[in-house]
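Handing you this structure, nothing more for now.
Derivation of every value follows stated rules applied to the coordinates shown; laboratory data play no part. What you see is a predicted model; the values in this text were computed from it and never measured. Cβ atoms come from the backbone with ideal geometry, glycine included; neighbour counts cover every protein chain shown.
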Amino acid sequence: MFSGSIPALVTPFAYMGDHRGGAFDEDAFRALVDWQIGEGSTGLVACGTTGEAATMPKEEHFRVVRVCVDQAKGRVPVIAGAGSNDTSVATENLRAAADAGADAALMVPPYYNRPSQEGIYRHFAMLAEAAPLPIVLYNVPGRTVTDIQPTTLIRIVTAFPDVFVAVKDASGVLPRVSQHRAGIGPDFSQLSGNDDLALAFNAMGGTGCISVTANVAPRLCAEFQAACAAGEGARALALHDQLFPLHDAMFADASPGPVKYAMARVRPGFPEGLRMPMTWPSQAARAAVDSALAHAGLA
């Protein structure tokens with residue numbers, strides 16, 4: 001269902017001075033959606049981690065999703081970040097994502113609570129019982145501490161194959177691509193959650209990437225994914241090398257600080273606001289982004 005280059009969109013906020021973010025800037029966001037689609041992105045994630053969803057009250061969160069859906073106008077699918085560590089809240093978020101018109105929801109396993117593998121399974125099984133739209137599992141143990149082990153992911157998808165249509169795997173453990181293929185089959189969409197590993201991830205059977213870097217370099221990321229899909233290994237490697245410093249620089253400081261700085265570089269006038277507790281990247285991180293943009297031919 002999902003493949004190619006899918007940016008985890010930043011959310012533009014009005015600039016309040018000292019790089020603090022205020023109200024959601026709808027006009028800037030609509031322009032960002034159009035630019036991303038025009039540059040070749042094959043899907044959009046609204047209100048994920050990179051979109052600073054943790055700072056948004058529910059009403060604003062799903063307003064952003066609605067705006068993304070409205071502006072995309074069916075040209076590409078929209079995936080709404082909707083996870084929670086409270087199963088009942090996650091269920092409500094699924095309904096809100098569906099009401100906002102999203103094509104799928106991106107759902108992390110419960111964070112902070114640290115449930116067992118059985119608890120993870122039961123969390124997703126309960127979501128699946130009345131899921132109003134498909135779910136993309138999002139495994140990112142570096143943020144949630146909770147890790148969906150391959151046997152658990154296979155169990156979830158096998159039990160509810162019509163609900164769980166893809167995984168965004170940010171575990172960084174590449175053998176899991178093969179483990180998931182062996183347990184679920186080759187038609188299950190596996191999306192890398194790490195830009196720097198996307199080349200190897202795709203080579204092992206992945207179908208694309210939910211990307212931070214694609215915010216800044218959507219055309220290059222789309223061309224990279226197209227080369228991977230077409231089996232053009234030499235071109236994919238060349239594009240990977242062109243983008244690799246940028247992948248690295250996106251995390252030279254706490255994300256999404258570096259990517260918002262980079263957005264202001266490649267799209268002059270893009271709002272530079274970040275909501276607390278996120279802060280503007282350090283001088284060293286900004287220098288890393290500047291160097292990486294030059295290496296990629298974007299500045």
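Let me spell it out: the conditions are (1) among the polar types (S, T, N, Q); (2) surrounded by 21 or more Cβ atoms within 10 Å (Cβ to Cβ); (3) out of contact with any Phe, Trp or Tyr (no Cβ under 9 Å at 6 or more places or on another chain), and Ser178 meets all of them except one. Which number is the exception?
(2)
Let me ask another. Got a sec? Which of Val216, Val177, Val173, Val163 is within 22 Å of Val33 (Cβ to Cβ) and β-branched (Val, Ile, Thr)?
Numbers: Val177 fails: within 22 Å of Val33 (Cβ to Cβ); Val173 fails: within 22 Å of Val33 (Cβ to Cβ); Val163 fails: within 22 Å of Val33 (Cβ to Cβ).
Checking each option against the conditions leaves just Val216.
Hey, another quick one. Please find, within region 219-273, the residue that is farthest from Asn194 (Cα to Cα) out of those that are in contact with a helix residue (DSSP H, G or I) (Cβ under 7 Å, 6 or more places away or on another chain) and of a type in the set (Asp, Glu).
Glu272
In this structure, is Ile210 within 28 Å of Ala125 (Cβ to Cβ), in contact with a Lys or Arg (Cβ under 9 Å, 6 or more places away or on another chain) and not in a helix (DSSP H, G or I)? Outline the logic, then answer.
Details: within 28 Å of Ala125 (Cβ to Cβ): yes; in contact with a Lys or Arg (Cβ under 9 Å, 6 or more places away or on another chain): yes; not in a helix (DSSP H, G or I): yes.
For Ile210, the condition - within 28 Å of Ala125 (Cβ to Cβ), in contact with a Lys or Arg (Cβ under 9 Å, 6 or more places away or on another chain) and not in a helix (DSSP H, G or I) - is met.
Would you be able to say whether some residue in region 5-24 is of a type in the set (D, E, K, R) and assigned to a strand (DSSP E or B)?
So the first thing to find is which residues in region 5-24 are of a type in the set (D, E, K, R), and the list is 18, 20.
In the following step, the residues that additionally are assigned to a strand (DSSP E or B) were identified as 20.
Yes, there is a match, as at least one residue in region 5-24 is of a type in the set (D, E, K, R) and assigned to a strand (DSSP E or B).
Give the residue that is surrounded by the fewest Cβ atoms within 10 Å (Cβ to Cβ), with candidates limited to residues of region 253-280 that are more than 26 Å from Met204 (Cβ to Cβ), under 18 Å from the mean Cα position of the chain (by Cα) and of a type in the set (Gly, Ala, Ser).
Ala254
State all residues of region 26-48 that are under 16 Å from Arg63 (Cβ atoms), under 20 Å from the mean Cα position of the chain (by Cα) and not aliphatic (A, V, I, L, M); if no residue qualifies, say none.
Answer for region 26-48, where residues must be under 16 Å from Arg63 (Cβ atoms), under 20 Å from the mean Cα position of the chain (by Cα) and not aliphatic (A, V, I, L, M): Glu26, Phe29, Arg30, Cys47, Gly48.
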